[in-house]
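Asks: Would you mind keeping the following structure in view while I ask a few things?
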Amino acid sequence: MPCSGRCVWIALELLLRGNHMSASGPTRLATSTTCPKEQLYDTAWSIAEEIRDNAPITVRANKQLIYRAMDAGRQSDTSSPTS
């Protein structure tokens with residue numbers, strides 16, 4: 001089953017923030033970063049600070065991992081089946 005754009009953003013957020021997830025974690029992902037409009041700026045800065053505090057090499061490697069997976073998915077979507 002293909003992964004939607006939302007799925008990619010969730011994976012990217014999990015990898016970049018470095019948060020641990022419990023067994024019930026996947027059921028909460030859909031609402032993990034929602035916030036009222038008035039709190040958007042503070043929430044975004046909070047997430048940015050979490051990412052900033054992680055090891056730079058880990059953040060870079062995780063970004064590359066996600067982007068390569070996205071590219072691989074796009075390439076498989078555009079490849080024509082051979083008969």
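The values are calculated or read from the model by the stated rules, or taken from the named source; none is laboratory data. Being a predicted model, the structure only gives us computed values, none of them experimental. Using ideal geometry, Cβ is built from the backbone for each residue, glycine included, and neighbour counts are taken over all protein chains shown.
Asks: Please list, ordered by first then second residue, the pairs with beta carbon atoms under 8 Å, 6 or more apart or interchain, first in segment 43-61 and surrounded by 12 or more Cβ atoms within 10 Å (Cβ to Cβ), second part of a helix (DSSP H, G or I) and among the acidic types (Asp, Glu).
Replies: Going by the 8 Å Cβ cut-off, the qualifying pairs are ILE47/GLU13.
Asks: Could you grab me the full set of residues in segment 1-24 that are at pLDDT below 65 and within 27 Å of ALA55 (Cβ to Cβ)?
Replies: Selection gives CYS3 alone.
Asks: Can you tell me which residues in segment 42-83 are at pLDDT 85 or above and not in a helix (DSSP H, G or I)?
Replies: Scanning segment 42-83 gives ASN54, ALA55.
Asks: Now a separate question. If you take the residues in segment 30-41 that are polar (S, T, N, Q) and modelled with pLDDT under 65, which one is surrounded by the fewest Cβ atoms within 10 Å (Cβ to Cβ)?
Replies: THR31
Asks: Please work out which one of (1) modelled with pLDDT of 75 or more; (2) surrounded by fewer than 12 Cβ atoms within 10 Å (Cβ to Cβ); (3) polar (S, T, N, Q) is the condition THR27 fails and give its number.
Replies: Unmet for THR27, out of (1) modelled with pLDDT of 75 or more; (2) surrounded by fewer than 12 Cβ atoms within 10 Å (Cβ to Cβ); (3) polar (S, T, N, Q): (1).
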